[in-house]
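Structure, as structure tokens:
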Amino acid sequence: MPSTPFRQRSGTHTYLCCGFILLFLGFYLWWSPSLYAQQPSATQLFLPLVAGGAGQPDEAPQLSSIQLIKQAEIAGQLTYEQGLVHRVQAVVGDPALPAKYVGDDRGLDGSTTLAEAVAQFDTLSKPTQDALRPYLLPPSAVGSWLAQSEANAAGVDNAEQEWDTVETANGKVKVWYRTATASHGARAVAIARAIDQKIWPALTGLMREPLPDCGASCRAGGGDSRIDIYLTNVRRSYTQPFTCCDASSGFAIMRADASFPYIARALMYIIQFSYPVDSFEEYRWLMHASAQYAMHYVYPAANEDPDYPARHEEHAKAGDFLYRTLYPLETVDDGHEYGAYLLFYWIDDPSTLPDVWEAAANPNSLAVINDQLYNGFQEMWPKFAVDNWNREPVDYYKRNDELAIGPESIEDFAMSAPGTEEFVIDIPRLTSYYFRFTFPKRSLKRIAVYNPIAGAGEPTGALWAIMKIDGTWRAPQDWSDRSHEVFCRDEPNQNLEELILVLANSEWEDRNHTVKTDMGSVRVSPDCGGLLTGTFTVRDTAQTQHPSGARANHDRTTVVNVRLRYVEEENEYQDAGSTYTHSGSVYGEGRSTTTGELGYVIEYTESGSGEFTQDGTQIKGSVHYNDEPGEQDGAWVGAKIRLRKTGSTTYYPSGFVVPIDAEETMTLLCNDPTGVRGVRNENGVFDMTCSAEWRNDVGSGRLTVTGSLRLE
């Protein structure tokens, strides 16, 4: 993406000390049944991708455990409390989770699930509280889910757990591991070193430093104020905020095989606990997107992990966003919110991230993002949607970050016969989707695209086009305000072979807004429409001499090679390769009316040539037919050319010279106030003949047009 300026803001917020977790109240509403009710096939069409090799998405997407459980809740197969227990079990990997709810959780985080359980705990029934209590303790604590599972496996009431810690050199973090697993000790050392050398400096250089944990004052504090990271065998890594004391952060439970970027992601979650937020439910998508971006920010390519080497591990969730662009930006569904990190990558300014979180007291997370974007979502969202296509010529992610995937088109149209294909304009806010058209038969020469968004009164609706012409992809164009575009494949630079239409809705304030208009369409036909071709010459001469002796004259000639093609949508002939040449000379004197003394001489030449694609130039035409007896059919051409004046003005008697070097446009007129007219003769040719003269006491002039045009 091109370099983008951002507006910086400052403000004062009330800090929510240790009240962060209270913002989870009402958290059970995070999964929106209305989304599924509105799009019943969404779970089939836009399944989230899971992590594949080297951080790349797999080809066969699967549902995660939490998605399977939430579907059961929505379907009424589970109560909310049953679903919550199962979701916590899914995070930690408890074998008690029914097999039908076991999905693919690779690369996913369980932080918000555990935080929801903590926030809702006091409102739950006693049996549910008893079921959840062991999961809310650090795994090293007596009575934790890990201790209980090992005791059950050993057939004893309590299992002794031996834990040891590795402390970071900066004194900020302790990494806990089971002494019974020797490899975990070595892994803890490697993680502590990575935190010291890379992760902590990078994240705290960008964001606030995380708050200390609750220390010895609470059961989960690990005995001191350092942040605790536990290595153990969970299904998902997660962080959990504290509730026992003011101004504290949380602890992290990490899979023992979590690579360094995932450690960075966990610390980013903990850092976010230090920012006051208006509502966690509102900012939950942003929490995941920010943490996923932290993986890239700290490890932009290779993860530098000798135990689990990989590249671009954040890419594992990119498909959850790119393959589901029909879901609004802030969608939370245990997938899409992680992939939304791509917005921060695309913005290409890491300072945006701390600015966003400093403004998180704003009750509208989308307003915060809108303030960060140059000209807001209105301008930038369609451009983001175009780059998300991630194929030539807008393969930004592929070229810069080795991310090779992109969204699929909603529908592909191979237009190999004359006819019309319609496409739907039904764009929810902060979404986008794509249509792909191919034109395999060169004999279908005319392609017309009709865009009903133009003039529909939907300022947030956008339609962009990515075109492949003569085998080369061209830069994308914004067609949002163009009602139609017409291509004649016989004309230069108009042999359209493939067309990607990008539809987007930049609305962010009204979360119920959808851009709906009439159907758009693409029409192909074998005939481009008639050509109006030929040449006409305009000659303009004049000469004057005043009683003072001052003389003036000019002689201008313009030759127009006309090539216009009929466009039925406009009912006129439009430029299809017309050219012009212009030459001329101008001389004029200024003399005293009393003495005849020479005051100045202005003298310059005029020149100009080229196609009617230069700034300020224009050519178009029309043909009219007369049914009345004696009336002739006629043609009209309106042309405006660009010319350059080169010469000088010399002032007398000083001899002071002022150079002349300027450009201007000139409209060609004769026998019509808007252009040049001609009539059809008996041979079917339009005679573009015109003659106009003037004469007075000091001089005369003559304007003539000669030439002819014909229809092909």
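The values are calculated or read from the model by the stated rules, or taken from the named source; none is laboratory data. Nothing here was measured: the structure is a model prediction, and the numbers come from that model. Cβ atoms come from the backbone with ideal geometry, glycine included; neighbour counts cover every protein chain shown. Protein only, heavy atoms only, side chains kept; ligands, DNA and RNA dropped before computing areas. Shrake-Rupley method; radii C 1.70, N 1.55, O 1.52, S 1.80 Å.
Quotient of the Cα radius of gyration of the range 273-427 and 2.2 N^0.38 Å, N being its number of residues: 1.16.
In terms of solvent-accessible area of protein heavy atoms at a 1.4 angstrom probe, what is the ranking of SER249, SER149, highest value first? Intermediate results must be reported in sequence, preceding the final value.
Details: SER249 0, SER149 50 Å².
Listed by decreasing accessible area, they come as SER149, SER249.
Both radii were evaluated on the Cα set of the range 647-698; the Rg over Rh quotient, with Rh as the Kirkwood radius, amounts to 1.28.
The calculated pair-distance distribution of the range 391-465 uses every alpha carbon pair, bins of 10 angstrom beginning at 0, and gives 14, 37, 35, 14, 0 percent. Considering all different alpha carbon pairs of the chain, the Kirkwood hydrodynamic radius works out to 30.8 Å. In the full protein context, the chain carries 42 Å² of accessible surface per residue, based on a 1.4 Å probe and ignoring ligands, DNA and RNA.
Counting protein heavy atoms only, the chain has 48 percent of its accessible area on carbon and sulfur, 1.4 angstrom probe. Relative intensity of the range 205-304 on a log10 scale, I(q)/I(0) at q = 0.25 Å⁻¹, equals -1.40, per a Debye sum over C-alpha point scatterers of equal strength in the absence of solvent.
What is the calculated FRET efficiency for THR706 to THR438, with r their C-beta to C-beta distance and R₀ = 45 Å, to the nearest 0.05?
Values: r = 47 Å, r/R0 = 1.04.
So the FRET efficiency works out to roughly 0.45.
Whole number please: convex hull volume per residue of the Cα set in the range 82-219, in Å³? It would help to have the intermediate numbers written out before the result.
Details: hull volume 22.0 nm³, N = 138.
Taking the convex hull of the Cα positions in the range 82-219, it is 159 Å³ per residue.
Relative to the longest principal axis of the Cα atoms of the chain, helix 182-194 runs at roughly 40 degrees.
Taking only Cα atoms of the range 476-523, what ratio of Rg to Rh do you get with Rh as the Kirkwood inverse-distance radius? Mind dumping the intermediate values first?
Details: Rg = 14.7 Å, Rh = 13.7 Å.
Taking Rg over the Kirkwood Rh, I get 1.07.
With coordinates expressed along the principal axes, the C-alpha atoms belonging to the range 540-624 extend over 63, 26, 18 Å, beginning with the largest. Sparsely packed loop sites in the range 614-668 (the chymotrypsin sites (Phe, Trp or Tyr not before Pro) outside DSSP H, G, I, E and B with at most 12 other Cβ atoms within 10 Å) comprise TYR625.
Each distinct pair of alpha carbons in the range 580-712 adds a 1/r term; the inverse of their mean, the Kirkwood radius, is 18.1 Å.
Among the trypsin sites (Lys or Arg not before Pro) in the range 407-450, those placed in a DSSP loop whose Cβ has at most 11 other Cβ atoms within 10 Å are ARG442.
Mind putting a number on the dipole of the chain about its Cα centre? Charges go on the C-beta only, +1 for Lys and Arg and -1 for Asp and Glu, and I need it in Debye to the nearest 20. Numbers along the way, then the final one.
On the way: 58 positive and 94 negative charges, 145 e Å.
The calculation lands at about 700 debye.
Across the alpha-carbon atoms of the range 400-556, the computed radius of gyration and Dmax are 23.6, 81 angstrom. A Förster radius of 25 Å combined with the Cβ-Cβ distance from ASN571 to GLU611 puts the calculated FRET efficiency at roughly 0.60. Helix 80-92 axis versus longest C-alpha principal axis of the chain: approximately 90°, rounded to the nearest ten. When nucleic acids and ligands are ignored and a 1.4 Å probe is applied, THR128 ends up with an accessible area of around 20 Å².
What Kirkwood hydrodynamic radius, in Å, does the range 312-367 give when the mean of 1/r is taken over all pairs of distinct Cα atoms and then inverted? Can you show the working numbers first?
Details: mean 1/r = 0.0817 Å⁻¹.
Kirkwood hydrodynamic radius for the range 312-367: 12.2 Å.
Determine the shape class of the range 68-148: with a ≥ b ≥ c the square roots of the Cα gyration tensor eigenvalues, call it rounded for a/c under 1.5, and otherwise prolate if a/b is greater than b/c, oblate otherwise. Judged from the Cα gyration tensor, the range 68-148 comes out oblate (a/c at least 1.5, b/c at or above a/b). What the pair-distance distribution of the range 76-123 shows, using all Cα-Cα distances binned every 10 Å from zero, is 24, 56, 20, 1 percent. Close amide-amide hydrogen proximity is noted between ARG235 and VAL92, GLY93, each under 5 Å apart and 5 or more residues distant or on a separate chain (H modeled in the peptide plane; Pro and chain starts excluded).
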